[in-house]
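The values are calculated or read from the model by the stated rules, or taken from the named source; none is laboratory data. Keep in mind the model is a prediction, meaning the values are calculated, not measured. When we count neighbours, we look across all protein chains shown, and the Cβ atoms used for this are built from the backbone with ideal geometry, even at glycine. The protein model used for the area step is the full one, side chains on, heavy atoms only, and it has no ligands, DNA or RNA in it. Shrake-Rupley method; radii C 1.70, N 1.55, O 1.52, S 1.80 Å.
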Amino acid sequence: MSGSDSSVGEYSLLVWLLATVVAVLAGHVFIGWLRLARQQPTLRASGLALLLAALSLGTGIASVLVLAVSAEGLSFTPGWSLPVVPALWLGGCAAVLPLAWWLMHSREPLALGVCGLLLGALALGLQAGWLLATGFRPGLQWPPLFVAGAALLHVAGMVAALRVGLGDRAGSRRGALWRVGAALLMGMSLVGAQELLLLGADLHTQRGSVFSDGVPVSVLSLAGGVLVPLVLAVMAFDLELRRNLERRSGPDMAPPKRRRRRHRVRML
């Protein structure tokens, strides 16, 4: 193996690891804001939490896909049309929003299963949409076996992550491990299913991209690999601060009740 091939392999590995971190962070923040939305007393506060949850997951899916394409080390520079980028990003976040609303209002196991199924199908559709929007030539052709495997992995990971992350155990004082486990399940399912899609597409057989002169993958991967994990980390830190504040203001920290004074009757 030459030095250039070794450096390309190391770069691809680092970008792939970064994509995994972004996926896990996105899953953690998504579930965290959903849990917080369930506890809000007002519609305005819960609506803001739902919006942040949808933005975190939609942005995470887009960033992980862009980073994965960048890690392929293609001989050409793929890109996206400038109007397509915000359309795919905001469209993905908007599609997550009604499912997040359903998860906020329902705690039934059936609802968690159906939402996990729909979220898995949505994540698969968004990943395929981002790949198709590059305009690869001569064109992508996915074997049905790879698509079915990616869909199964998406659905299994989403359902398991929602059951673990939105359950009662994840809200206890010792529920940090459950929340971390839910984030790992969601993040690894996103990355694993995406790798199946890329493996089935075999991007190295492509010879060019229609939108190479548009927004290059290097610009989007810089945003997805630097800006997005930074914002997600800040959001995760904010969630932890809110959780600690609620824990301190719980029943154990409530002010003591005033004792009724008993008046003694003096005998004259």
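Computed quantities for the displayed model
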| item | result |
| --- | --- |
| Qualifying position, being within 20 Å of Gly192 (Cβ to Cβ) and among the hydroxyl-bearing types (Ser, Thr, Tyr), among Ser81, Ser106, Ser70 | Ser70 |
| The range 186-205, residues that are open to solvent by 60 Å² or more (accessible area, probe 1.4 Å) and of a type in the set (Ser, Thr, Tyr) | Thr205 |
| Residue in the range 146-166 that is farther than 27 Å from Val210 by Cα and in a loop (DSSP other than H, G, I, E, B) present | yes |
| Residue match in the range 87-108 (condition: open to solvent by 10 Å² or more (accessible area, probe 1.4 Å), touching a residue at least 24 places away in the same chain (Cβ under 8 Å) and part of a loop (DSSP other than H, G, I, E, B)) | yes |
| Where Trp142 falls short, out of the listed (1) open to solvent by 40 Å² or more (accessible area, probe 1.4 Å); (2) assigned to a helix (DSSP H, G or I) | (2) |
| In the range 23-74, residue most open to solvent (accessible area, probe 1.4 Å) [restricted to those that are polar (S, T, N, Q) and part of a helix (DSSP H, G or I)] | Gln39 |
| Meets criteria (farther than 27 Å from Leu13 by Cβ, crowded, with 16+ Cβ neighbours inside 10 Å and touching a strand residue (DSSP E or B) at 6+ places or on another chain (Cβ under 7 Å)) for Gly135 | yes |
| Residue count, the range 98-155 (criterion: closer than 20 Å to Leu50 by Cα and among the charged types (D, E, K, R)) | 2 |
